[in-house]
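See structure below.
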């Protein structure tokens, strides 16, 4: 006599019912979406930074959703991250980029829904440039004027360390200035650092916009932070999410 393989295994019935789907839907609703704007001049290392923090290889194949020539949104199905990329903030053409961003910020906020607004901005400046450009200053002021917390990321942070203090003076509206070396530097050898500090600074500002749970779910650096947030969520999984699809993310 053949035996029913599901007999005595009620969990299989759950998997084959709508119960699991309901749980997943509730978890997604509870966690929400984290929308982040990432901006910086060409070559500052945005791709490496995003890859390391969110565990996504976004530099190879695929495409985002262009809003304008200056703005592209990247979305990953079944993940808690939406990423707004801008063209480089070089002096040439940055006014057009800022104008497009202002319109996009207003569009995102117009629905009145927390999940649609831009929750935080990373303005990436290469540390050894030792200079805050006009476009970076104007972007920080634009974000602040619309209630978007700004974290300034000093990328490829091999010095001068004193530049961080200069940035704080030049961009007083920034919520944090974080020095980051996203990948090991070979000559001379310098181990990567600053990623956890960046995650913690971003989490702090995400709390003020109601997107902290979504950010914690999306980031892949601080798993102690995941555990901390998980205690307050019945349907929150501590397991790392599946790898994100590969998308191009221009430097």
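None of the figures in this text is laboratory data; all of them are computed from the coordinates on show. From a predicted model like this one, the values you see are computed outputs, not experimental measurements. Because the Cβ atoms are built from the backbone with ideal geometry, glycine has one as well, and the counts that use them run over all protein chains shown.
The residue list 171, 139 contains one member that is surrounded by 16 or more Cβ atoms within 10 Å (Cβ to Cβ) and under 19 Å from the mean Cα position of the chain (by Cα), which is 139. Restricted to the stretch 97-214, the set of helices (runs of 4 or more DSSP H) holding at least 3 residues that are under 16 Å from residue 83 (Cα atoms) comprises 195-209.
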